[in-house]
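What follows is one structure encoded as structure tokens, with my remarks underneath.
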Amino acid sequence: MKIVIIGSGTGSNAEAILECWKQGNLGKAVPVAIFSDKPEARILTLGAKYGVKAAYVDPGRFKTKLDDEAEARYVDAIRAEGADLVVLAGFMRVLHETFLNAFEGRIINLHPSLLPAFPGLHSIEQAFNYGAKYSGCTVHWVTAGLDMGPIIDQSAVRIEANDTLDTLESKVHAAEHSLLPAVIAKLAERS
Ligand code: GRF
């Protein structure tokens with residue numbers, strides 16, 4: 001199962017996937033490319049580290065989505081890699097029809113909350129400020145509704161009285177780094 005990872009930032013989750021693969025724990029899943037909408041994003045540096053293709057793909061003129069031409073560029077780039085699964089790991093743009101139709105049922109996203117609670121941005125902060133007693137992360141299929149696709153798996157973390165936003169963020173990210181590779185390995189088993 002060939003996977004293409006797409007992200008905009010640090011790439012700690014991409015790194016968790018690649019590290020898991022390097023250790024031989026990603027089952028039949030093989031990361032074949034990393035694409036980013038940010039030319040300077042750290043996620044792109046992981047390509048050289050793990051021997052995987054990494055490239056910037058021009059996102060077009062908008063800030064929070066891809067324009068039609070840019071969606072087509074992403075679709076072409078991903079298709080060229082023969083991707084069976086597209087993994088959104090911190091990709092900070094909303095996807096629309098061209099992209100969603102091209103890979104229907106083959107796109108997963110990682111979100112830092114126990115969906116359906118706290119969709120959208122700043123989810124960890126939202127849960128913390130709300131006074132929730134549990135936070136966590138979710139991997140779900142991507143559909144047209146933002147953070148609304150069917151849930152594949154989740155991992156919960158307890159919010160303790162002495163947690164700060166910083167410690168909570170660390171706990172949620174640690175949970176993400178375990179959950180996402182595990183979900184990918186499981187999907188690969190079924191493929
Ligand atoms: C993660 O918290 C993920 O849930 C969210 O964006 C963050 C990406 O972090 N969608 P990283 O780039 O993988 O370090």
For GLY9, the residues 5 or more places away or on another chain with a placed amide H closer than 5 Å to its own amide H are ILE43
Using alpha-carbon coordinates alone, the radius of gyration and Dmax of the chain in Å work out to 16.0, 49
Mean Cβ-within-10 Å packing, highest first, puts peptides 76-84, 12-20 in the order 12-20, 76-84
Taking N as the residue count of the stretch 19-69, its alpha carbon Rg divided by 2.2 N^0.38 Å gives 1.38
Rounded to a whole %, the carbon-and-sulfur portion of the accessible area of the chain at a 1.4 Å probe is 53 percent
A correct Karplus calculation of ³J(HN,Hα) over the stretch 182-191, with 6.51 cos²θ - 1.76 cosθ + 1.60, θ = phi - 60°, whole Hz and x for Gly and Pro, returns 5, 5, 4, 4, 5, 5, 5, 4, 7, 7
Once MET148 and ARG61 are pulled to full extension, the length gained, defined as 0.36 nm per residue separation minus their Cα-Cα distance, is 28.7 nm
Any residue on another chain or 5+ positions along whose placed amide H is under 5 Å from the amide H of ILE152 is listed here as VAL139, HIS140, TRP141
Highest mean packing first, using Cβ neighbours within 10 angstrom, the peptides 28-39, 127-138 sort as 28-39, 127-138
Output ordering of 150-156, 105-111, 87-93 (per-residue mean of other Cβ within 10 Å, highest first) is 87-93, 105-111, 150-156
Bridge orientation stat for the chain from DSSP, antiparallel percent rounded to 5, came to 40 percent
If the chain between GLU189 and ARG158 were fully extended at 0.36 nm per residue, the gain over the current Cα-Cα distance would be 8.2 nm
Note to self: with every protein chain in place and a 1.4 Å probe, the chain gives an accessible area per residue in Å² of 49 Å²
Computed over the Cα atoms of the stretch 142-191, the Rg and Dmax in Å are 13.9, 43
For ALA54, the residues 5 or more places away or on another chain with a placed amide H closer than 5 Å to its own amide H are ILE34
In order over the stretch 34-50: 3J(HN,Hα) from phi, Karplus 6.51/-1.76/1.60, θ = phi - 60°, whole Hz, x for each Gly or Pro, gives 10, 10, 9, 8, 10, x, 9, 5, 4, 3, 6, 6, 6, x, 5, 4, 10
In nm, the gap between the two label points placed 7 Å beyond Cα toward Cβ at VAL30 and GLU125 is 4.2 nm
With +1 on the Cβ of every Lys and Arg and -1 on the Cβ of every Asp and Glu, the dipole magnitude of the stretch 1-66 about its Cα centre, in debye rounded to the nearest 20, is 140 debye
Of the candidates SER113, SER135, ALA188, the farthest towards the positive dipole end of the stretch 110-191 (Lys/Arg Cβ +1, Asp/Glu Cβ -1, centred on the Cα centre) is ALA188
For the stretch 37-191 the mean separation of alpha carbon contacts under 8 Å (6+ apart) over residue count, i.e. relative contact order in percent, is 15 percent
From DSSP H assignment alone, runs of 4+ in the chain each adding -39500 (n - 2.57), the sum over residues rounded to the nearest 500 puts [θ] at 222 nm at -11000 deg cm²/dmol
At 37 °C and 0.692 mPa s, the Stokes-Einstein diffusion coefficient in µm²/s for the stretch 1-95, with hydrodynamic radius from the Kirkwood sum on alpha carbon pairs, is 249 µm²/s
For the stretch 15-25, Karplus-derived ³J(HN,Hα) couplings (6.51, -1.76, 1.60; θ = phi - 60°; whole Hz; x for glycine and proline) come out as 5, 4, 5, 5, 5, 4, 4, 4, 7, x, 10
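The values are calculated or read from the model by the stated rules, or taken from the named source; none is laboratory data. Please read these numbers as outputs of a predicted model, since none were measured by experiment. No Cβ is skipped: glycine too gets one built from the backbone with ideal geometry, and neighbour counts run over all protein chains shown. The accessibility values were calculated without ligands, DNA or RNA, using every heavy atom of the protein model including side chains. Shrake-Rupley method; radii C 1.70, N 1.55, O 1.52, S 1.80 Å.
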